[in-house]
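Here the structure comes first, spelled out in structure tokens, and everything after it is commentary.
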Amino acid sequence: MILTLDAVNCFYGRVQVLRDLSLRVAPGEVLCLLGRNGAGKTTTLKTIMGLIKPRSGRVCLGDVDLGGLPAHEIPRRGIAYVPQGRRLFAELTVEENLAIGLMARDRGASVRERVLALFPVLKERLAQAAGTLSGGEQEMLAVARALCLEPAVLLLDEPTEGLMPSMIAAILDTVRLLRSQGVATILVEQRVEAALSVADRVAFIENGTVKETCDVPSLRSDPTPLQRYVGVGLRSM
Ligand SMILES: Nc1ncnc2c1ncn2[C@@H]1O[C@H](COP(=O)(O)OP(=O)(O)OP(=O)(O)O)[C@@H](O)[C@H]1O
């Protein structure tokens, strides 16, 4: 099912943060949101999750308008969110964190096995407290917990932040694998080179709106939007 945002306007109090923001992501597609700090990328993800209610505009999964649903219903509809900073339960074990993911949408024990098969590093650490995992392992756990929902749509907010290169590569490989399985992914990513290596399309966000959407091959041949909206050229990568 296609996730669509159509002319979404959001406010924090009286301050408008999203302005007529529209985008779409289809099954088996990775859409990357790029933009400067404060452009509205995280707010876009929170709005999809129903954590912020748009004042106007629509967020739809297929034909279903998500705007009318309570926030706790959104993950049950198959949209999973890995927030920036991961928000794991640090005192709980890997196993317990996964159990919480599994509870959100009861999909049976086989899901746990399938998710753990993707992350062998977690399988070895089921009894370890999440807060004692390395940063990369914590990110794996956060993604694994989200995948317990068997989501149709996965929202990742800066999943590579603070990770070493081998862990970044592992996270990006997971995104590619999920794409091959038909998951629609929206990725917020500061690392432009990482974003381009995994994305199909890039939406450039500035001042709360999508200014331009480009597919990755055309960005490689003409990186002007990267320069304009993120301030980097391809040569610096
Ligand atoms: N809870 C809040 N209350 C008031 N303003 C907020 C709140 N959260 C975010 N904002 C403001 O909304 C704007 C968009 O923030 P958002 O976090 O969506 O940006 P972003 O593109 O994700 O930035 P970054 O790359 O720095 O994470 C910013 O100006 C921010 O200060």
Of the residues 114, 125, 107, only one is modelled with pLDDT under 90, in a loop (DSSP other than H, G, I, E, B) and of a type in the set (Lys, Arg); which? 107
Residue that is hydroxyl-bearing (Ser, Thr, Tyr), under 17 Å from residue 155 (Cβ atoms) and more than 14 Å from the ligand (Cβ to nearest atom), where the choices are 110, 56, 22: 22
Would you point out which residue out of 67, 85 is at pLDDT below 85 and either assigned to a loop (DSSP other than H, G, I, E, B) or touching a Pro at 6+ places or on another chain (Cβ under 8 Å) (or both)? 85
Going by what's in this entry, would residue 142 be described as outside the structural domain of residue 72 (by TED's automatic domain parsing), in contact with a strand residue (DSSP E or B) (Cβ under 7 Å, 6 or more places away or on another chain), touching a residue at least 24 places away in the same chain (Cβ under 8 Å) and under 27 Å from residue 77 (Cα atoms)? yes
Kindly list the number of the only condition in (1) buried (at least 18 other Cβ atoms within 10 Å of the Cβ); (2) of a type in the set (Val, Ile, Thr); (3) more than 13 Å from the ligand (Cβ to nearest atom) that fails for residue 64. (1)
Qualifying strands (runs of 3 or more DSSP E) (wholly inside the range 15-61; at least 2 residues being surrounded by 15 or more Cβ atoms within 10 Å (Cβ to Cβ) and within 15 Å of the chain's Cα centre (by Cα)): 15-25, 30-34
Residue check, residue 83 surrounded by fewer than 17 Cβ atoms within 10 Å (Cβ to Cβ) and either touching a strand residue (DSSP E or B) at 6+ places or on another chain (Cβ under 9 Å) or not β-branched (Val, Ile, Thr) (or both): no
Residue 199 passes all but one of (1) within 16 Å of the ligand (Cβ to nearest atom); (2) touching a strand residue (DSSP E or B) at 6+ places or on another chain (Cβ under 9 Å); which number fails? (1)
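Could you tell me which of the residues 142, 130 is over 25 Å from residue 203 (Cβ atoms), surrounded by 13 or more Cβ atoms within 10 Å (Cβ to Cβ) and aliphatic (A, V, I, L, M)?
130
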So in the range 70-80, with the set limited to residues that are touching a helix residue (DSSP H, G or I) at 6+ places or on another chain (Cβ under 9 Å) and in a loop (DSSP other than H, G, I, E, B), which one is surrounded by the most Cβ atoms within 10 Å (Cβ to Cβ)? 77
Out of all the residues in the range 89-104, is one or more more than 13 Å from residue 148 (Cβ to Cβ), crowded, with 16+ Cβ neighbours inside 10 Å, more than 16 Å from the ligand (Cβ to nearest atom) and not assigned by TED's automatic domain parsing to the domain that holds residue 203? yes
(1) away from the ligand (no atom under 14 Å from the Cβ); (2) under 22 Å from residue 22 (Cβ atoms) all hold for residue 207 apart from (1)
Within the range 208-233, how many residues turn out to be in contact (Cβ under 8 Å) with a residue 24 or more places away in the chain, out of contact with any strand residue (DSSP E or B) (no Cβ under 7 Å at 6 or more places or on another chain) and surrounded by fewer than 19 Cβ atoms within 10 Å (Cβ to Cβ)? 4
So residue 231, is it assigned to a loop (DSSP other than H, G, I, E, B), in the same structural domain as residue 36 (by TED's automatic domain parsing) and away from the ligand (no atom under 16 Å from the Cβ): no
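The values are calculated or read from the model by the stated rules, or taken from the named source; none is laboratory data. Every value quoted in this text rests on a predicted model; they were computed, and no experiment measured them. A quick note on method: Cβ atoms are made from the backbone with ideal geometry, for glycine too, and the neighbour counts reach across all protein chains shown.
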